[in-house]
Amino acid sequence: MNKQLLTALLAGGIAATTVTARAQSNDALLKKLVNKGILTKQEADELKKETDSGFDKAYHAKTGLPDWVTSLKFSGDLRGRVDGLWTENDSPAAENFNNDRWRMRYRVRFGAVATFKDQLEMGFRLTSSDGVGSGGAFGGDPISANTTFQDNGSKKFVYIDQAYGKWTPLNYDQWKLGATIGKMANPFETSTMVFDDDYTPEGVALQGLYNVNKDHALKFNAGFFLLDEISQGADASNDPYLIGGQLRWDAKWAQRLDSSLAVAMYAIVDEQSLTNFSVPNVNAGNTRLANGALLHDYTPVVVDGAVTYTFDSAPLYKGKFPVRALGTIMHNPGASDANNAWEAGVAAGKAGKKGTWELSYRYRHNEADAWYEEFNESDFGAFYQTISATTGLGTGYRAGTGTKGHILKGSYSPYDALTLSVTYYLAELIEEPVVGATRAESGMSRILIDMIWKF
């Protein structure tokens, strides 16, 4: 095949795509030509360089981007949700708070990631959320991007969810090391019992990777994240912050068998500054002093583990079928009591691609002072007929710590761009308060019915 003609076809045939998609298409085509003996490996490498150079010139001329930008990727998703809550508590004393409730909500996110020469990256993402605090003084909810349909079709707020810069000075097949600064996706890979999926911390993170061999890899994640900034007064030098480090081992033991094991240590410094009024107070559970300050230290050790076995197929499932057993254990030596948490579960399949589905079950036991209440999953909560005034919150449904219960989820993706999902939570307080002569029922059921579009 004529080399000049092939180069022109490679560059011109996909000139309307992004740089990332173009690179993948070129590589796949050249690999096939080498495998069929049409090109030698050296000829393929030369063609790739020529094609990349020609495409990059055309791409930058077309977009007006500077020549140090190597790719620009946009992504987004929209989730429509029906959210139902009902409680087993039927006490007349709580009649204004224990009624069944249904609401409709949405979450929308849109972002872009630009990659540059010299191993640099910049990204941002916008998100929906309901405001927290008086008049939304704190901005959007730190652990939820949901916005509730209400207030006569009023216009809804949009918040900055991510805004970061990243530099990866070491980027080799065996070693990788990157540093990120800004508001970012959570670098710690762990359960939602530890961090809600919507939590995007603010600060500095380091992420490293060492490929021991083709079957074993070690990952290291570390972070320094600001939780509040105190500008004046006696506590002006006591800004609370979170530091953490995590070591993760990913292993492939056989063609079908994989595992992961992670050990992490976290610490909140100057936690006494995290009163009910200094940061968004959306969850409950921690033991607090009369002024709303935290009584205990939060320095937990967290162990996450999973084992995955992949079958060749499953009924009504497209592609290979993974079955995964998982668990998380957390212990906080900073508190003397109610300082443990654990979770165990199993997941079959993985939704997200056309023709795939997923079923999962988890049981969770999260004691009151095992971890800081404002990091936990916002959808897993119980009913409080009575609640301590030190929480700064009133009677009703509250997520946070001090809870135990079940999580059952099913998802199906009829298309690559659409996933349907139903999640059921059944939770209660570990220590139900005594009201009069009996314990107040705290059991809470919650069902989330979701439709998720993505690109």
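Restricting the first member to the range 257-283 and to residues that are under 17 Å from Asp369 (Cα atoms), and the second to residues that are assigned to a helix (DSSP H, G or I), the beta-carbon pairs closer than 6 Å and six or more apart or on different chains are Asn283/Glu373; Asn283/Glu374. Filtering the range 424-455 to residues that are open to solvent by 10 Å² or more (accessible area, probe 1.4 Å) and hydroxyl-bearing (Ser, Thr, Tyr) leaves Tyr424, Tyr425, Thr438, Ser445. The range 343-455 holds strands (runs of 3 or more DSSP E) entirely within its bounds, and those carrying 2 or more residues that are among the hydrophobic types (A, V, I, L, M, F, W, C) map to 356-366, 381-384, 403-415, 418-429, 444-454.
Screening Phe220 against (1) over 27 Å from Asp77 (Cβ atoms); (2) surrounded by 14 or more Cβ atoms within 10 Å (Cβ to Cβ); (3) in contact with a Lys or Arg (Cβ under 7 Å, 6 or more places away or on another chain) leaves a single unmet condition, (3). Within the range 81-124, the set of residues being open to solvent by less than 30 Å² (accessible area, probe 1.4 Å), over 30 Å from Ala437 (Cβ atoms) and not aliphatic (A, V, I, L, M) comprises Arg81, Asp83, Gly84, Arg105, Arg107, Gly111, Gly123. Within this structure, Asp215 passes the test of being open to solvent by 30 Å² or more (accessible area, probe 1.4 Å), more than 22 Å from Leu295 (Cβ to Cβ), of a type in the set (Asp, Glu) and out of contact with any Asp or Glu (no Cβ under 6 Å at 6 or more places or on another chain). Do the conditions hold for Tyr210, that is, is it open to solvent by less than 50 Å² (accessible area, probe 1.4 Å) and among the aromatic types (Phe, Trp, Tyr)? Considered against the rule, which asks whether it is open to solvent by less than 50 Å² (accessible area, probe 1.4 Å) and among the aromatic types (Phe, Trp, Tyr), Tyr210 comes out as no.
For the range 300-335, a tally of residues being in contact (Cβ under 8 Å) with a residue 12 or more places away in the chain, assigned to a loop (DSSP other than H, G, I, E, B) and either open to solvent by 90 Å² or more (accessible area, probe 1.4 Å) or closer than 24 Å to Leu420 by Cα (or both) returns 3. In summary, strands (runs of 3 or more DSSP E) completely within the range 61-128 and bearing 3 or more residues that are of a type in the set (A, V, I, L, M, F, W, C) and more than 30 Å from Lys176 (Cβ to Cβ) occur at 69-87, 101-116.
Across the range 170-183, the qualifying residues are those that are out of contact with any Gly (no Cβ under 8 Å at 6 or more places or on another chain) and open to solvent by less than 60 Å² (accessible area, probe 1.4 Å), and the one among them that is nearest to Glu121 (Cα to Cα) is Ala179. Of the residues Asp239, Asp173, Asp215, Asp258, the single one that is farther than 19 Å from Pro142 by Cα and at pLDDT below 95 is Asp173.
If you go through the range 126-143, how many residues are open to solvent by 30 Å² or more (accessible area, probe 1.4 Å) and among the polar types (S, T, N, Q)? Summing the residues that are open to solvent by 30 Å² or more (accessible area, probe 1.4 Å) and among the polar types (S, T, N, Q) in the range 126-143 gives 1.
Selection of first residues in the range 370-382 that are at pLDDT 95 or above and of second residues that are of a type in the set (Asp, Glu) and not in a helix (DSSP H, G or I), restricted to Cβ pairs under 6 Å at least 6 apart or on distinct chains, gives the following pairs, ordered by first then second residue: Glu377/Asp196; Ser378/Asp196; Ala382/Glu428. Among the residues that make up the range 271-284, is at least one of them assigned to a strand (DSSP E or B), over 30 Å from Gly410 (Cα atoms), touching a strand residue (DSSP E or B) at 6+ places or on another chain (Cβ under 8 Å) and open to solvent by 20 Å² or more (accessible area, probe 1.4 Å)? No, that holds for no residue.
For the condition under 23 Å from Ile243 (Cα atoms) and in contact with an Asp or Glu (Cβ under 8 Å, 6 or more places away or on another chain), Lys166 qualifies. Considering the range 374-404, and only residues there that are over 21 Å from Asn89 (Cβ atoms) and under 22 Å from the mean Cα position of the chain (by Cα), the residue that is surrounded by the most Cβ atoms within 10 Å (Cβ to Cβ) turns out to be Asn376. Within the range 144-165, the set of residues being surrounded by 14 or more Cβ atoms within 10 Å (Cβ to Cβ) and either farther than 30 Å from Leu72 by Cβ or of a type in the set (D, E, K, R) (or both) comprises Lys156, Asp161.
The values are calculated or read from the model by the stated rules, or taken from the named source; none is laboratory data. On a predicted model such as this, the values are computed, not experimentally measured, just so you know. For neighbour counting, all protein chains shown are included, and Cβ atoms are generated from backbone atoms with ideal geometry for every residue, glycine included. We work out accessible area using only protein heavy atoms, side chains counted, and drop any ligands, DNA or RNA first. Shrake-Rupley method; radii C 1.70, N 1.55, O 1.52, S 1.80 Å.
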